[in-house]
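See structure below.
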Amino acid sequence: MNDTAPQQQPQQKKILLVTAHPEPRSLNASLAAFATEHLRAAGHEVQVSDLYAMKWKAAVDADDFPDEPGDRRLQVMAASERATLAGRLSADIAAEQEKVRWSDAVILQFPLWWFSMPAILKGWVDRVFTAGFGYGPTLPPPYSESALGGRRALVSVTAGARESSFSDRGIHGRLADVLHPVQHGLFWFTGMTPLEPFGVYRANDLPEERFEAAKREYAHRLDGLFTDAPVPYRTLTGGDYDHDMRLLPGVETPGTSGLDLHVRPHS
């Protein structure tokens, strides 16, 4: 008789992986393939948006909103909200929005170019996170469990520089600060719950043994996608900010400054 209790299987989740690198043999492509395989082996469903392979159109323009009259000034926020609420966005945007709605977590995999994401990925953000979908007056307030609440979010980046240069005294600044526009300004603004970013450094000439170590580290982060503690950003509606969206004086730990002001102190 086997007295061993059956192991509880992890709950199946749905994960959207968005990757942006022009070279299919790149480190980023390898990490995206590894993440996809690892997550599926754990029982999760994964959809991949490989933006370069998709030849994703990066620029927002009038073609995104087919019902807008061509003789009227294009006001992007208003036009995107009208098209979103009417279900009349261009087909490529609508398909990506449906993937986000489907997901329990979103992973962005990209090389850090000029301290930001590649233009094609910025274009995915610009076009997909329309008013009426990711933000806007018809949705709950931002910086809270708002429009896209209930989803986890992870940024996985590669950088050519050494890890120490992205530290608190490093010349590039902390990786969390460099990625603040993504972590706080995209994920948390729309209600998704961001985790601490994952980075692979010295990526331009990564030796095989370091790649194997990076995969082990990435696997650990992927295993914690739904259990690791998120970045504890303050909520807009939690009483820490005034009517002008400024942090109230005295709510922070003494000595806190900069972007750390918007992270709740450890209790």
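The values are calculated or read from the model by the stated rules, or taken from the named source; none is laboratory data. Small disclaimer: the values here were computed from a predicted structure and weren't measured. Cβ coordinates were reconstructed from backbone atoms using ideal geometry, including for glycine residues, and neighbour counts include every protein chain displayed. Please note that ligands, DNA and RNA were not included when accessible areas were found on the heavy atoms of the full protein model with its side chains. Shrake-Rupley method; radii C 1.70, N 1.55, O 1.52, S 1.80 Å.
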Checklist outcome for this item: The condition from (1) at pLDDT 95 or above; (2) touching an Asp or Glu at 6+ places or on another chain (Cβ under 7 Å); (3) closer than 17 Å to GLN109 by Cβ that TYR201 misses is numbered (1)
Next on the checklist: Just the residues that are open to solvent by less than 20 Å² (accessible area, probe 1.4 Å) and either within 19 Å of the chain's Cα centre (by Cα) or not small (Gly, Ala, Ser) (or both), please, taken from region 57-83.
Outcome noted: ASP64, PHE65
Checklist outcome for this item: When restricted to ARG169, ARG127, ARG88, ARG82, the only residue part of a loop (DSSP other than H, G, I, E, B), among the charged types (D, E, K, R) and touching a residue at least 12 places away in the same chain (Cβ under 8 Å) is ARG88
Item to check | Residues satisfying the stated conditions in region 213-222, i.e. of a type outside the set (A, V, I, L, M) and either touching a residue at least 12 places away in the same chain (Cβ under 8 Å) or farther than 16 Å from SER156 by Cα (or both) | outcome: LYS215, GLU217, TYR218, ARG221
Next on the checklist: Please count how many residues of region 40-56 are of a type in the set (A, V, I, L, M), under 24 Å from PHE226 (Cβ atoms) and either without any contact (Cβ under 8 Å) to a residue 12 or more places away in the chain or part of a helix (DSSP H, G or I) (or both).
Outcome noted: 1
Next on the checklist: Whether any residue in region 218-240 is basic (Lys, Arg), part of a loop (DSSP other than H, G, I, E, B) and open to solvent by less than 40 Å² (accessible area, probe 1.4 Å) is what I want to check.
Outcome noted: yes
Checklist entry - Among the residues of region 21-38, is there at least one that is in contact with an Asp or Glu (Cβ under 7 Å, 6 or more places away or on another chain), open to solvent by 20 Å² or more (accessible area, probe 1.4 Å) and farther than 28 Å from PRO230 by Cβ? => result no
Item to check | Selection from region 187-217 of residues that are open to solvent by 40 Å² or more (accessible area, probe 1.4 Å) and either part of a strand (DSSP E or B) or in contact with a Lys or Arg (Cβ under 8 Å, 6 or more places away or on another chain) (or both) | outcome: ARG202, ARG210
Item to check | Subset of region 243-254 that is more than 11 Å from ARG264 (Cβ to Cβ) and over 27 Å from the mean Cα position of the chain (by Cα) - its residue that is most open to solvent (accessible area, probe 1.4 Å) | outcome: HIS243
Checklist entry - Just checking, how many residues over region 134-186 are open to solvent by 10 Å² or more (accessible area, probe 1.4 Å) and within 20 Å of GLY87 (Cα to Cα)? => result 7
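The rows are residues; the columns are (1) modelled with pLDDT of 95 or more; (2) farther than 27 Å from ASP50 by Cβ; (3) touching a Gly at 6+ places or on another chain (Cβ under 6 Å).
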| site | (1), (2), (3) |
| --- | --- |
| ILE120 | yes, no, no |
| VAL128 | yes, no, no |
| SER164 | no, yes, yes |
| GLY191 | yes, no, yes |
